[in-house]
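Input: a single structure, listed below in structure tokens.
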Amino acid sequence: MTFLLTLTAIGLVPWTLWLTFSLPSRHLTDHYDLAWVGFDIGLATALALTAKATIRRSPWVVPLAAATGTMLLCDAWFDVVTSRGGGERAEALFEAFLAELPLAVLCSFIVYDAERVHASVRRLRGR
């Protein structure tokens with residue numbers, strides 16, 4: 001398994017270089033709205049499942065928080081780099097710095113120290 005992951009990481013280097021020079025900087029596509037709506041539905045679901053797992057002190061909280069944090073980082077990245085500039089870019093940066101990135105940090109903390117998070121939930125619930 002480790003060998004496969006390493007090989008894939010190494011293989012992505014020339015692939016990424018090729019994409020850097022071959023992809024157009026502008027591309028029009030159908031279903032752009034569907035892609036973002038679908039992603040946001042998945043993100044909302046991941047956030048809800050992470051919250052539920054945290055409240056229930058479920059062992060699923062760590063993988064869910066990891067997936068949710070990753071999705072939040074991806075959302076921030078693509079919102080910023082696909083924005084048109086001006087007010088749209090400012091809005092994307094505002095959302096990234098005040099919502100998506102802080103929530104991703106919170107998810108990272110859950111992954112790092114799920115036991116402390118579970119203990120905090122117990123204290124808040126009076127149990």
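Read-outs throughout are calculated quantities, based only on the coordinates presented, and are distinct from any laboratory measurement. Quick caveat: nothing in here was measured; it's all calculated off a predicted structure. Neighbour counts are summed over all protein chains in view; Cβ atoms, including those assigned to glycine, are modelled from backbone coordinates with ideal geometry.
Residues with beta-carbon under 14 Å from that of L93, excluding L93: net charge, scoring Lys, Arg +1 and Asp, Glu -1? Each step should come with its number before you reach the end.
Numbers: positive: R84, R89; negative: D75, D79, E88, E91, E95, E100.
Here the charged neighbours net out to -4.
Applying the Kirkwood pairwise sum to the alpha-carbon positions of region 1-72 produces a hydrodynamic radius of 15.4 angstrom. To test your reading of the geometry: what angle, between 0 and 90 degrees and rounded to tens, separates the Cα axis of helix 114-125 from the longest principal axis of the chain? Rounded to the nearest ten degrees, it is 50. Taking each residue as 0.36 nm, the span from D30 to V13 lengthens on full extension beyond its C-alpha to C-alpha distance by 3.2 nm.
Normalised radius of gyration for region 31-125, please: alpha carbon Rg relative to 2.2 N^0.38 Å, two decimal places.
On the way: Rg = 14.9 Å, N = 95, 2.2 N^0.38 = 12.4 Å.
Cα-based Rg divided by the globular estimate yields 1.20.
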